[in-house]
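Single-structure report; data block below.
The values are calculated or read from the model by the stated rules, or taken from the named source; none is laboratory data. All of these numbers come straight from a predicted model, not from anything done at the bench. Reconstructed Cβ throughout: ideal geometry from the backbone, glycine too, with neighbour counts over all protein chains shown.
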């Protein structure tokens, strides 16, 4: 015969079953907290594609600006507005010609902006020796947010 302490009024058995799960109130509190977090986080996550496109546009503008500067180093002038950024991919066929145009070009191909449009080029530019820019998501001058123009002048 073994001696075991007796449970007082069955309290040990009752507490084990009472702690087996969450109460409805606890579950409702968790659902409310998760809902509030979702309301705060989801709009921020949804805006990320626009931010990613803007970052990509800035990266493209930096690379194209560097290519235009290399063109100038080789040929002592920037491509004209008429020659455009195509002068970075293939030698210009209109005056002024590029006598020292780099074999293979300055870029493999001209990238499109993140909204599927070609980048615009002005030489001389409004903001400097040259301007390379995108009209943003709406494809028209001006705008706010993702529709805002983004240009090489904003990189400096």
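Among the residues of the stretch 85-93, is any in contact with a strand residue (DSSP E or B) (Cβ under 7 Å, 6 or more places away or on another chain) and in a helix (DSSP H, G or I)? Scanning the stretch 85-93 turns up at least one residue that is in contact with a strand residue (DSSP E or B) (Cβ under 7 Å, 6 or more places away or on another chain) and in a helix (DSSP H, G or I).
Check whether at least one residue in the stretch 6-29 is under 27 Å from the mean Cα position of the chain (by Cα) and modelled with pLDDT of 80 or more, and report yes or no. No, that holds for no residue.
Scanning the stretch 37-55 turns up no residue that is surrounded by 12 or more Cβ atoms within 10 Å (Cβ to Cβ), in contact with a helix residue (DSSP H, G or I) (Cβ under 7 Å, 6 or more places away or on another chain), assigned to a helix (DSSP H, G or I) and at pLDDT 90 or above.
For the stretch 113-127, filtered to residues that are surrounded by fewer than 19 Cβ atoms within 10 Å (Cβ to Cβ), at negative phi and part of a loop (DSSP other than H, G, I, E, B), the residue that is farthest from the chain's Cα centre (by Cα) is 124. The lone criterion from (1) part of a helix (DSSP H, G or I); (2) in contact with a strand residue (DSSP E or B) (Cβ under 7 Å, 6 or more places away or on another chain); (3) in contact (Cβ under 8 Å) with a residue 40 or more places away in the chain left unmet by residue 146 is number (2). Within this structure, residue 151 fails the test of being within 20 Å of residue 78 (Cβ to Cβ) and over 16 Å from the mean Cα position of the chain (by Cα).
Among residues that are part of a loop (DSSP other than H, G, I, E, B), touching a residue at least 24 places away in the same chain (Cβ under 8 Å) and more than 15 Å from the chain's Cα centre (by Cα), residue 137 is not included.
The numbered conditions (1) within 28 Å of the chain's Cα centre (by Cα); (2) exposed (fewer than 12 other Cβ atoms within 10 Å of the Cβ) are all true for residue 32 except (1).
When you scan the stretch 101-108, do you find a residue that is touching a strand residue (DSSP E or B) at 6+ places or on another chain (Cβ under 8 Å), part of a loop (DSSP other than H, G, I, E, B) and under 25 Å from residue 72 (Cβ atoms), even just one?
First, the residues of the stretch 101-108 that are touching a strand residue (DSSP E or B) at 6+ places or on another chain (Cβ under 8 Å): none.
No - not one qualifying residue is present in the stretch 101-108.
Taking the criterion of being over 28 Å from the mean Cα position of the chain (by Cα), in contact (Cβ under 8 Å) with a residue 24 or more places away in the chain and surrounded by 15 or more Cβ atoms within 10 Å (Cβ to Cβ), the residues of the stretch 82-112 that qualify are 98, 101, 102.
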